[in-house]
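**Q** Got a structure for you, questions after.
The values are calculated or read from the model by the stated rules, or taken from the named source; none is laboratory data. None of these values were measured; they are calculated from a predicted model. For neighbour counting, all protein chains shown are included, and Cβ atoms are generated from backbone atoms with ideal geometry for every residue, glycine included.
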Amino acid sequence: MNNIRVCIDQLEIKIESMVQTADFALGNEDAVKLAIDEIKKKTETFAEIIGSLSVQADRCSRQTMKARTVVVQKIIKYSS
């Protein structure tokens with residue numbers, strides 16, 4: 001679960017960075033191309049973090065389902 005929190009924190013940082021880059025570009029037409037390149041780079045990193053977060057969330061979901069199955073099996077076993 002800690003890894004998920006770290007990924008979410010990284011996403012927040014990347015989003016804020018993209019917003020700042022876009023704000024900078026709006027104030028200076030010459031900076032638009034530079035800003036677009038920066039946003040593209042940050043978007044790639046953003047996508048990688050999203051992918052990692054998705055994998056971790058899937059892993060947690062599977063572990064939760066397995067744990068739930070174990071608990072139900074123990075309840076059934078002890079109630080017999």
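Let's see how each residue does on (1) β-branched (Val, Ile, Thr); (2) out of contact with any helix residue (DSSP H, G or I) (no Cβ under 7 Å at 6 or more places or on another chain); (3) at pLDDT 75 or above:
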site: Asn3; (1), (2), (3): no, no, yes
site: Val6; (1), (2), (3): yes, yes, yes
site: Glu12; (1), (2), (3): no, yes, yes
site: Leu26; (1), (2), (3): no, yes, no
site: Ala31; (1), (2), (3): no, no, no
site: Ala35; (1), (2), (3): no, no, yes
site: Lys42; (1), (2), (3): no, no, yes
site: Phe46; (1), (2), (3): no, no, yes
site: Gly51; (1), (2), (3): no, yes, yes
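**Q** With respect to the numbered conditions (1) touching a helix residue (DSSP H, G or I) at 6+ places or on another chain (Cβ under 8 Å); (2) free of Cβ contacts under 8 Å to residues at least 24 places away in the same chain, which one is the sole condition not fulfilled by Lys74?
**A** Just one mismatch for Lys74, condition (1).
**Q** What do you reckon, is Ile50 loosely packed, with under 10 Cβ neighbours inside 10 Å and in a helix (DSSP H, G or I)?
**A** Working: loosely packed, with under 10 Cβ neighbours inside 10 Å: no; in a helix (DSSP H, G or I): yes.
It is false that Ile50 is loosely packed, with under 10 Cβ neighbours inside 10 Å and in a helix (DSSP H, G or I).
**Q** Could I ask something else about it? What single numbered condition from (1) touching a residue at least 12 places away in the same chain (Cβ under 8 Å); (2) acidic (Asp, Glu); (3) exposed (fewer than 10 other Cβ atoms within 10 Å of the Cβ) fails to hold for Asp30?
**A** Going through the list (1) touching a residue at least 12 places away in the same chain (Cβ under 8 Å); (2) acidic (Asp, Glu); (3) exposed (fewer than 10 other Cβ atoms within 10 Å of the Cβ), Asp30 breaks only (1).
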